[in-house]
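Inspection log for the structure reproduced underneath, given as structure tokens.
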Amino acid sequence: MASVRAASRLLSKRVLSKTTTVPAASVQGSRNFHFSIYGKKKNAKVSDDISTQYPVVDHEFDAVVVGAGGAGLRAAFGLSEAGFNTACVTKLFPTRSHTVAAQGGINAALGNMEEDDWRWHFYDTVKGSDWLGDQDAIHYMTEQAPAAVVELENFGMPFSRTEDGKIYQRAFGGQSLKYGKGGQAHRCCCVADRTGHSLLHTLYGRSLRYDTSYFVEYFCKGVIALCMEDGSIHRFRAQNTVIATGGYGRTYFSCTSAHTSTGDGNAMVTRAGLPCQDLEFVQFHPTGIYGAGCLITEGCRGEGGILINSEGERFMERYAPNAKDLASRDVVSRSMTIEIREGRGVGPEKDHVYLQLHHLPPQQLATRLPGISETAMIFAGVDVTKEPIPVLPTVHYNMGGVPTNYKGQVITHTGGEDKVVRGLYACGEAACASVHGANRLGANSLLDLVVFGRACALTIAEEHKPGEKLSPLQPSAGEESVANLDKLRFANGNLRTSEIRLNMQKTMQAHAAVFRTGSVLKEGCDKMDAIYQTLDDIKTFDRGIVWNTDLVETLELQNLMLNAVQTIHAAEQRKESRGAHAREDFKDRVDEYDYSKPLQGQEKKPYDQHWRKHSLSFVDPKTGKVTLKYRPVIDSSLDEQDCAHVPPAIRSY
Amino acid sequence: MFVLRSLFTSARRHVVSPSLTVGRVFPGCSRAASGVVKDKEPLKKAKTPQGRFDSPEERSKEVLEKFPDDVNPLTKEKGGPRGPEPTRYGDWERKGRCVDF
């Protein structure tokens with residue numbers, strides 16, 4: 001597959017052989033053609049400090065943004081606008097980032113359809129997060145939401161409009177009025193049916209106005225990057241680094257994310273010895289197409305579609321006798337997983353179930369669900385009027401990531417207090433400022449991107465000035481990364497990258513998916529630890545350095561592994577059910593008080609005996625050993641006078 | 001006439017790369033060498049974007065039809081998603097695919 005991908009590229013190659021040392025002076029001159037640094041061409045120095053076989057190009061900037069999705073672009077041009085010399089390093093072209101696939105809307109309490117207040121949005125988000133979200137970050141996000149949407153609209157994003165010309169807002173899951181008591185709120189703004197696509201293009205177009213240097217198709221390890229086009233190593237020195245690399249859906253066998261969602265930012269942070277937060281909270285959807293990963297809407301079941309197992313039985317009748325196939329998403333996901341575990345799955349590996357729609361009249365399907373036959377044919381290769389669609393629970397979003405405060409600064413927890421890591425910031429799906437907590441509400445993640453992308457840029461502008469002197473760097477900094485690169489490039493073990501990756505994905509899907517219980521998770525942890533060790537036995541085939549997709553996929557696999565082991569260990573340790581993390585053996589939420597009963601007379605549980613806290617996971621990259629610590633949830637909002645915090649309660653919809 | 005005919009054939013040989021000159025050459029020649037061109041089959045349009053948009057009947061019927069003037073008749077939303085309301089089942093649905101929930 002690596003060779004096919006390489007062959008399809010139109011770029012010309014000059015393979016850098018092992019013995020040739022490219023003289024320092026000639027790199028800039030003769031290879032300028034390949035360099036594609038957009039923007040400032042000065043201050044790129046080549047040095048032999050790390051290795052003579054891998055000449056390193058040194059760059060100096062005021063700020064580096066890793067990742068050019070919605071959050072990364074917003075941070076990059078926010079910084080450029082503030083006058084900072086910014087580099088945006090991305091492994092994909094900006095408009096190819098996974099944000100482009102986000103077709104839903106973006107929530108903001110603009111109040112165009114009815115009277116609305118951002119404090120109600122705040123309440124809905126806190127409740128949706130199952131009280132694991134940091135209320136100061138949620139306060140910040142929901143208060144900034146109307147301004148952020150108006151700003152996007154001023155950048156040229158073509159939102160849909162009402163007759164009066166105001167932005168049209170529609171009702172979408174989980175949004176209510178008057179703190180849950182006023183009925184459904186209409187808060188979701190959209191751009192026809194491609195909000196994420198339009199957002200990314202708008203931000204990209206806007207960012208070209210500023211002097212950001214784009215380094216496209218550079219794969220990052222720390223702030224050392226491999227240029228995939230010509231195989232050169234680049235070191236980016238900057239006082240400020242923003243991580244906006246997205247989620248890590250690809251650790252699971254079935255996910256909606258692109259192949260490029262490999263949690264690179266989380267892995268970089270882990271290798272730096274910093275924790276990742278709440279990685280066990282992964283959002284699943286029950287009916288994702290087997291193999292393709294696209295989600296089939298719940299409307300199919302709403303219109304009469306049924307889920308069947310290998311015996312042709314409508315198994316939901318056993319799990320939810322009343323609601324049957326219309327039970328809530330987590331019940332359906334768990335039932336499907338239990339059926340598969342008990343051996344009643346379909347297909348050659350018995351690892352999925354069928355969604356049957358052919359018993360419904362085709363006319364009805366065409367009118368109520370237009371386009372579904374096209375979708376089923378393209379992604380599943382089935383004729384929906386004759387055959388059932390193969391489905392299984394699929395990962396959609398990662399609530400966890402790099403822990404930050406509401407300003408976007410990365411934090412770590414030492415001595416019982418949150419401590420800011422100077423110079424490092426994170427935003428978007430890669431970060432966990434914890435606005436989503438244990439469960440993300442629909443249409444909040446695009447909002448999260450723009451608000452916190454902007455927040456990172458503002459915080460950096462507040463605390464630093466453009467052209468600040470850089471702190472001294474060891475000449476051999478990044479040596480480990482280059483050594484790792486070299487080791488992988490010439491790896492000659494027994495297992496291919498694709499094999500190890502498939503093992504990891506299948507294990508995660510079987511053990512750390514929707515159905516979580518002590519024994520299953522423990523078994524999964526042991527298997528994942530063993531698979532982590534097999535990374536030493538990896539075999540790569542492409543020995544070149546130019547557009548070596550084998551090497552890049554192996555680097556991505558290392559990143560995925562780090563995310564996967566943290567996810568499963570954190571899930572195994574958390575002995576409660578909260579939001580997206582639901583366990584069969586611990587079905588209730590374990591808070592400091594039992595909120596289902598009146599608080600009067602209850603004794604507060606000590607911190608180490610309840611679970612309303614964030615998990616912080618550390619990994620030793622050499623051994624793969626995971627250590628877990630915890631950090632309390634921030635319960636106070638930014639301004640208690642303006643917006644009181646929401647005390648925990650039982651979450652029921 | 002002889003000169004124009006040869007000009008016509010030589011011009012056709014050069015129509016390998018799609019370009020604006022295609023459009024310009026043929027009408028001119030067909031007007032001048034009228035008897036010659038009418039007997040031949042209608043010339044295929046180049047697959048340039050212009051060529052494709054010129055004949056709307058070639059485009060396949062889209063599953064989700066565009067609203068007249070891009071305004072949804074029920075909700076009066078301008079520039080909104082085509083087809084039935086995407087959030088009608090509680091998630092964001094398009095062509096049977098769920099994109100947000």
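What follows is calculated from the coordinates using simple rules that are stated; it is not laboratory data. Predicted model only: the values in this text are computed from it and were never measured. Here the Cβ positions follow ideal geometry from the backbone for every residue, glycine too, while neighbour counts run over all protein chains shown.
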(request) Go through A:Ser310, A:Ser328, A:Gly371 and say which Cα lies farthest out towards the positive end of the charge dipole of the stretch A:285-394; charges sit on Cβ, +1 for Lys and Arg, -1 for Asp and Glu. (result) A:Ser328
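With charges set only on the Cβ (+1 for Lys and Arg, -1 for Asp and Glu), what does the dipole of the stretch A:479-589 come to about its Cα centre, in debye to the nearest 20?
440 debye
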(request) Note the count of lysine pairs whose C-alpha atoms are less than 14 angstrom apart in the stretch A:479-589, limited to pairs 8 or more residues apart or on different chains. (result) 4
(request) Output the relative contact order of chain A, whole-number percent, from Cα pairs under 8 angstrom with separation of 6+ residues. (result) 19 percent
(message) Run the reach check for A:Lys166 against aspartates and glutamates, Cα to Cα strictly under 13 Å, same-chain hits fewer than 8 apart removed. What comes back?
(response) A:Glu114, A:Glu153, B:Glu77
(request) Under 17 Å Cα to Cα from B:Lys44, which aspartates and glutamates show up? Leave out anything in the same chain fewer than 8 places away. (result) B:Asp54, B:Glu57, B:Glu58
(message) At 0.692 mPa s and 37 °C, plugging the Kirkwood radius over alpha-carbon pairs of chain A into Stokes-Einstein gives what diffusion coefficient in µm²/s?
(response) 128 µm²/s
(request) Set Lys and Arg Cβ to +1 and Asp and Glu Cβ to -1, take the dipole of the protein assembly as shown about its Cα centre, and tell me which of A:Gln53, A:Leu473, A:Val450 lies farthest positive. (result) A:Gln53
(message) Can you tell me the length gained on complete extension of the stretch A:Glu387 to A:Lys469, counting 0.36 nm per residue apart and subtracting the Cα distance?
(response) 23.0 nm
(message) With just the Cα atoms defining each centre, how far is the stretch A:46-121 from the stretch B:77-101? Give it in Å.
(response) 28 Å
(request) Run the quick spin-label model on A:Glu462 and A:Asp211: label points 7 Å from Cα toward the beta carbon, then report their separation in nm to one decimal. (result) 2.6 nm
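Given a Förster distance of 56 angstrom, what is the FRET efficiency for B:Leu74 paired with A:Lys587, based on the Cβ-Cβ distance and rounded to 0.05? Before the final figure, lay out each step's value.
On the way: r = 42 Å, r/R0 = 0.76.
Computed FRET efficiency for B:Leu74 and A:Lys587: 0.85.
So, with +1 on the Cβ of K and R and -1 on the Cβ of D and E, and no other charges, what is the size of the charge dipole of the stretch A:285-394 about its Cα centre, to the nearest 20 debye?
Details: 11 positive and 14 negative charges, 39 e Å.
Around 180 debye, computed over the stretch A:285-394.
How about the stretch A:375-457: which chymotrypsin sites (Phe, Trp or Tyr not before Pro) there are in a DSSP loop, with at most 15 other Cβ atoms within 10 Å of their Cβ? Please list the in-between numbers first.
On the way: sites: A:Phe379, A:Tyr397, A:Tyr406, A:Tyr425, A:Phe452; in loops: A:Tyr406.
Those that pass, being in a loop and sparsely packed, number zero.
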(message) Under a crude label model (7 Å from the Cα following the beta-carbon direction), how far is A:Thr414 from A:Thr534 in nanometres?
(response) 3.8 nm
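Assigning unit charges at the beta carbon (Lys, Arg +1; Asp, Glu -1) and nothing else, what dipole magnitude in debye, to the nearest 20, does the stretch A:578-648 show about its Cα centre?
On the way: 13 positive and 13 negative charges, 94 e Å.
With Lys and Arg at +1 and Asp and Glu at -1, about 460 debye.
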(request) Using only Cα atoms, locate the centre of the stretch A:606-628 and the centre of the stretch A:154-189, then give the distance between them in Å, rounded to an integer. (result) 39 Å
(request) Sticking with the crude label model, points 7 Å out along Cα→Cβ, report the distance from A:Ala320 to A:Tyr653 in nm, one decimal please. (result) 1.1 nm
(request) Divide, for the stretch A:479-589, the radius of gyration over alpha carbons by 2.2 N^0.38 Å, where N is the residue count. (result) 1.26
